[in-house]
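Participant: One structure coming up, written as structure tokens, with questions to follow.
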Amino acid sequence: MNQIELTLNGQARSASVDAYHTLLEVLRDDLGLTGTKECCLVGECGACTVRLNGEIVDSCLVLAVEADGGEVTTVEGLRDGPSLSPLQNAFLEKGAVQCGFCIPGQLMAADDLLRRVPHPSHEEVEEGLAGNLCRCGCYYQIMDAVESVAAGEVISSPQTPTAAPSALPQPPVDQ
């Protein structure tokens, strides 16, 4: 077992991992952050997209030990305090969420794009999200949500969780 230390969504965390464990496995199974989804396990679908040291990666292809000492942001880390981020609200408002399975990866890719290119063209949005597959076919709504945030549209009413933050599942204490 290897002990890794990382900054996860702005908080210092640690975990004991085997050398063959992926970052995806550690995030979901050891650290309790299940927003990042497991799907293809070969880096083709984008459902497991996270930000590692400022770059988006498919967490199914990254060994957890590679994140040691690094900074990881998951979809849970996109929140704006107790509220959802404008991008998350736009996905809800524009109907970009159907089954929700691809949405964490789509959000991470969109967030990365908007950090790099604050006002992307339609083609840049398409390219920025190209590594993420949506089985429900919500590409139009996803594109619309990203473009609305890029255009600075005000989201009418911030969406907040239905449960109080203290009632939401909390990640387990460091292991």
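Participant: Looking at the stretch 59-79, is at least one residue at pLDDT below 95 and farther than 18 Å from ASN132 by Cβ?
Facilitator: Among the residues of the stretch 59-79, at least one is at pLDDT below 95 and farther than 18 Å from ASN132 by Cβ, which makes the answer yes.
Participant: Only one of these conditions is not met by ALA90: (1) within 15 Å of GLY35 (Cβ to Cβ); (2) modelled with pLDDT of 95 or more. Which number is it?
Facilitator: (1)
Participant: On to the next question. Check the stretch 46-56 and report whether any residue there is assigned by TED's automatic domain parsing to the domain that holds TYR140, at pLDDT 95 or above and touching a Ser or Thr at 6+ places or on another chain (Cβ under 9 Å).
Facilitator: There is no residue in the stretch 46-56 that is assigned by TED's automatic domain parsing to the domain that holds TYR140, at pLDDT 95 or above and touching a Ser or Thr at 6+ places or on another chain (Cβ under 9 Å).
Participant: Can I ask one more? Scan (1) crowded, with 18+ Cβ neighbours inside 10 Å; (2) part of a loop (DSSP other than H, G, I, E, B) for the single condition VAL50 breaks and write down its number.
Facilitator: (2)
Participant: Scanning the stretch 120-139 for residues that are exposed (fewer than 13 other Cβ atoms within 10 Å of the Cβ) and either in contact with a Cys (Cβ under 9 Å, 6 or more places away or on another chain) or among the hydrophobic types (A, V, I, L, M, F, W, C) (or both), which turns out farthest from ALA109 (Cα to Cα)?
Facilitator: In this case the residue turns out to be ARG135.
Participant: Being closer than 30 Å to GLY152 by Cα and in a helix (DSSP H, G or I), is that true of even one residue in the stretch 62-76?
Facilitator: The answer is yes; a qualifying residue exists.
Participant: Find the residue count for the stretch 57-74, including only residues that are surrounded by fewer than 23 Cβ atoms within 10 Å (Cβ to Cβ) and β-branched (Val, Ile, Thr).
Facilitator: 4
Participant: For the stretch 83-96, give me the residue count where each residue is part of a loop (DSSP other than H, G, I, E, B) and surrounded by fewer than 21 Cβ atoms within 10 Å (Cβ to Cβ).
Facilitator: Number of matching residues: 3.
Participant: Given the options LEU24, LEU41, LEU6, name the one that is touching a helix residue (DSSP H, G or I) at 6+ places or on another chain (Cβ under 6 Å) and either assigned to a loop (DSSP other than H, G, I, E, B) or not β-branched (Val, Ile, Thr) (or both).
Facilitator: LEU6
Participant: Turning to a different aspect of this structure: Confirm whether ILE4 is β-branched (Val, Ile, Thr), buried (at least 16 other Cβ atoms within 10 Å of the Cβ) and over 26 Å from ALA150 (Cβ atoms).
Facilitator: yes
Participant: Also: Could you list, in sequence order, all residues of the stretch 97-121 that are closer than 18 Å to LYS37 by Cα and either assigned to a loop (DSSP other than H, G, I, E, B) or of a type in the set (D, E, K, R) (or both)?
Facilitator: VAL97, GLN98, CYS99, GLY100, PHE101, CYS102, ASP111, ASP112 - these are the residues of the stretch 97-121 that are closer than 18 Å to LYS37 by Cα and either assigned to a loop (DSSP other than H, G, I, E, B) or of a type in the set (D, E, K, R) (or both).
Participant: Does GLU25 satisfy the criteria of being without any contact (Cβ under 8 Å) to a residue 24 or more places away in the chain, touching a Cys at 6+ places or on another chain (Cβ under 9 Å) and either more than 28 Å from ALA145 (Cβ to Cβ) or not assigned by TED's automatic domain parsing to the domain that holds TYR140 (or both)?
Facilitator: When the stated conditions are applied, GLU25 does not pass them.
Participant: Quick one: CYS136 ticks every box in (1) within 30 Å of ASP18 (Cβ to Cβ); (2) outside any helix (DSSP H, G or I) except a single one, so which number is it?
Facilitator: The failed condition is (1).
The values are calculated or read from the model by the stated rules, or taken from the named source; none is laboratory data. Just so it is clear, the model here is predicted, and its values are computed rather than measured. Here Cβ is always computed from backbone atoms with ideal geometry, including for glycine, and neighbour counts include all displayed protein chains.
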